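Everything below concerns the one structure shown next.
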Amino acid sequence: MSIRSFHPPVRTLMGPGPSDVHPRILEAMARPTIGHLDPRFIDMMDEMKALLHYAFQTQNELTLPVSAPGSAGMETCFANLVEPGDTVIVCQNGVFGGRMKENVERCGGKVVLVEDEWGMPVDPNKVAEALKAHPETKIVAFVHAETSTGACSDVETLARLAHEHGCLVIVDAVTSLGGSPLKVDEWNVDAIYSGSQKCLSCTPGLSPVSFNQRAVETIQKRTSKVQSWFLDLSLVMNYWGGGTKRAYHHTAPINALYGLHEALVLLQEEGLENAWRRHQNMHAALKAGLEAMGLHFIVPAAARLPQLNAIAIPEGADDIQVRSTLLKRYGLEIGAGLGALAGRIWRIGLMGYSASPKNVLLCLSALEAVLTESKASINPGVAVDAAQTVLAERGY
Ligand SMILES: *Cc1c(COP(=O)(O)O)cnc(C)c1O
């Protein structure tokens, strides 16, 4: 055997996640592993909860990081809140709404699908109609920041609508947490899940979740067992919620949690509003450059996510060749289109630590070089200047 240690290349990650991981987070993860019931570790867990309260803007007691990626946070919400026979309105305007539908069906629930075109936000009028047509609905589920298209939906309005009809809401905030305004308590969100590797710039593999009192009571009133032992919150809570009497549930991913703790400390140091503003500023600079080059966004301006820039692939460019050249020559990763948008768009992420002037300028100049070489129809020589102008205007 001649296999030796794995040394990954250094990349610039400007896809749909993972994003560039802050060096302080990697350093935190390399600290000594201690027991998951060690009093010092339990102190760290208490801090983690306070930091998550800040990130989510909530006081929800049931707030914790699930020991698995964002998809497991999604499954935690559905598995605990949906019982066989329940009706759930699922809004689908991209890939992740489709996964919510899968989750409801696997929990034995009945799905009422509200569809919007990919690239558009969820239309509250359609949700209102579905609620009227299906008064038996128990839950309304939707994605805040649809990473497959770059569209942002209006959580506050959708939650208000759902509550007017006595429903709970489940919100996917995997890509929004830390990147776009998100106020769990003010907006009355009942259950929400996120991920560590998007705008929190941590390594993949953890999923912060939060449930309000109404959601907790719904779980307590269940007549059937949660079909997943691992994700059953009543069991997980004996570990995360047990105070000094924490009971073993599963071995917490100790070092991964050090990483998330550091990521949340970084967010607290910067301040949520400042982080949201930085994402918006980097988006404005990238947008100026891309549009100067002649590229077009697929999402209407009012619904655009700053952290996920979906642009149409220009005439004459070969999707796979462009992305592989960016990776090989510049170490730059951008995202491909998913599902219905595969081969038609690129997704440029500006998430967390990746949302920096350095990355915006690298992306524009590298993309311009590769597109010019491949004879795609773009305007050369103007993108970087356009972005620099916006950066200077905004004090960078
Ligand atoms: C990335 C993502 C997920 C899934 O998260 P994983 O960590 O990949 O499991 C779910 N929803 C949205 C909107 C995402 O962007």
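The values are calculated or read from the model by the stated rules, or taken from the named source; none is laboratory data. What you are looking at is a predicted structure, and each value in this text was computed from that prediction instead of being measured. Note that we place each Cβ from the backbone using ideal geometry, even for glycine, and neighbour counts take in every protein chain shown.
Numbers at a glance
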item: Filter pass, residue 98 being assigned to a loop (DSSP other than H, G, I, E, B) and either in the same structural domain as residue 47 (by TED's automatic domain parsing) or surrounded by fewer than 18 Cβ atoms within 10 Å (Cβ to Cβ) (or both); result: no
item: Pairs where the first residue, in the range 326-355, is among the aromatic types (Phe, Trp, Tyr) and the second is assigned to a helix (DSSP H, G or I), C-beta under 7 Å, 6+ apart; result: 330/362; 330/366
item: Any chance residue 11 is charged (D, E, K, R), within 24 Å of the chain's Cα centre (by Cα) and not assigned by TED's automatic domain parsing to the domain that holds residue 259; result: yes
item: Yes/no for residue 76 being over 20 Å from residue 237 (Cα atoms) and crowded, with 17+ Cβ neighbours inside 10 Å; result: no
item: Residue in the range 246-254 that is surrounded by 16 or more Cβ atoms within 10 Å (Cβ to Cβ) and at pLDDT 95 or above present; result: yes
item: Residue match in the range 147-168 (condition: within 16 Å of the ligand (Cβ to nearest atom) and over 21 Å from residue 16 (Cβ atoms)); result: yes
item: Single unsatisfied condition, residue 110 versus (1) surrounded by fewer than 21 Cβ atoms within 10 Å (Cβ to Cβ); (2) under 24 Å from the mean Cα position of the chain (by Cα); (3) not β-branched (Val, Ile, Thr); result: (2)
item: Filter result for residue 249 (without any contact (Cβ under 8 Å) to a residue 40 or more places away in the chain and either β-branched (Val, Ile, Thr) or over 16 Å from residue 350 (Cβ atoms) (or both)); result: yes
item: Members of the range 174-218 found to be within 13 Å of the ligand (Cβ to nearest atom) and more than 17 Å from residue 260 (Cα to Cα), listed by number; result: 180, 182, 192
